[in-house]
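The values are calculated or read from the model by the stated rules, or taken from the named source; none is laboratory data. Only a predicted model underlies this, so the values are computations on that prediction, with no experimental measurement involved. When we count neighbours, we look across all protein chains shown, and the Cβ atoms used for this are built from the backbone with ideal geometry, even at glycine. These accessible areas exclude ligands, DNA and RNA; they are computed on the full protein's heavy atoms, side chains included. Shrake-Rupley method; radii C 1.70, N 1.55, O 1.52, S 1.80 Å.
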Amino acid sequence: MSNPASPPRGPLAQLSVTAPAFVQRFSSTPRGARLARRLAAHQLDRWGFPHGGALSDAAVLIVAELAANAVTHGRVAGRDFELRLERAAGAVLRIEVTDTRGEQRPPGPGELPRADPEQVGGRGLLLVEALADRWCVLDRVPPGKTVRAELDVPARLTPDR
């Protein structure tokens, strides 16, 4: 009988098992948003996008902004927000943050107002728009919304794992 913690031998030794998606719910608090950002950085590193790399830094900043928005503008008492990272087909990294407040829908791509230099906040989605190759706001049933951002992964960065 083999030890379940020991590495596989024979034909199974060549299989690489890496989940193509990471999905986790977090409390709708600043601490939950911070944890989402940290776990996203960890998951990206596990997928072969190292800390400090351009793609990892962009993705983590997008997660941070979307999670902060979910906590600040999408919070419903007693409800969590969800982070989903997915290595989608066609060398695309997809980031989704879902909250349960559907009536407060943010403006979509091309609808964002210019940043007011006098205003302290309101630049999060401008950062997402600048960093993401594509992004959108999707309705969620039951009520809520999902903000999805996608980053194209250059062929030289596509992990083998």
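Below, the figures for the structure above:
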| quantity | calculated |
| --- | --- |
| Close pairs from the range 61-76: first over 17 Å from Arg101 (Cα atoms), partner of a type in the set (Phe, Trp, Tyr) and surrounded by fewer than 24 Cβ atoms within 10 Å (Cβ to Cβ), Cβ under 9 Å, at least 6 apart | Ile62/Trp135 |
| Those residues of the range 62-85 which are under 17 Å from Leu131 (Cα atoms) and surrounded by fewer than 18 Cβ atoms within 10 Å (Cβ to Cβ), in sequence order | none |
| Which listed residue is of a type in the set (Gly, Ala, Ser) and closer than 16 Å to Arg37 by Cα, from Ala115, Ala77, Ala70 | Ala70 |
| Subset of the range 59-95 [among the small types (Gly, Ala, Ser), over 13 Å from Gly124 (Cα atoms) and touching a strand residue (DSSP E or B) at 6+ places or on another chain (Cβ under 7 Å)] | Ala59, Gly74, Ala88, Ala91 |
| Where a residue in the range 87-102 is farther than 24 Å from Val141 by Cα and its partner, wherever it lies, is open to solvent by 40 Å² or more (accessible area, probe 1.4 Å) and polar (S, T, N, Q), with Cβ under 6 Å and at least six apart | Ala91/Thr158 |
| Residue check for Gly48: more than 22 Å from Pro30 (Cβ to Cβ) and small (Gly, Ala, Ser) | yes |
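For every residue, the table says whether it meets (1) at pLDDT below 90; (2) exposed (fewer than 14 other Cβ atoms within 10 Å of the Cβ); (3) farther than 21 Å from Ser27 by Cα; (4) of a type outside the set (A, V, I, L, M, F, W, C).
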| site | (1), (2), (3), (4) |
| --- | --- |
| Arg94 | no, no, yes, yes |
| Pro113 | yes, yes, yes, yes |
| Asp116 | yes, yes, yes, yes |
| Gln119 | yes, yes, yes, yes |
| Val128 | no, no, yes, no |
| Lys145 | no, no, no, yes |
| Arg148 | no, no, no, yes |
| Asp160 | yes, yes, yes, yes |
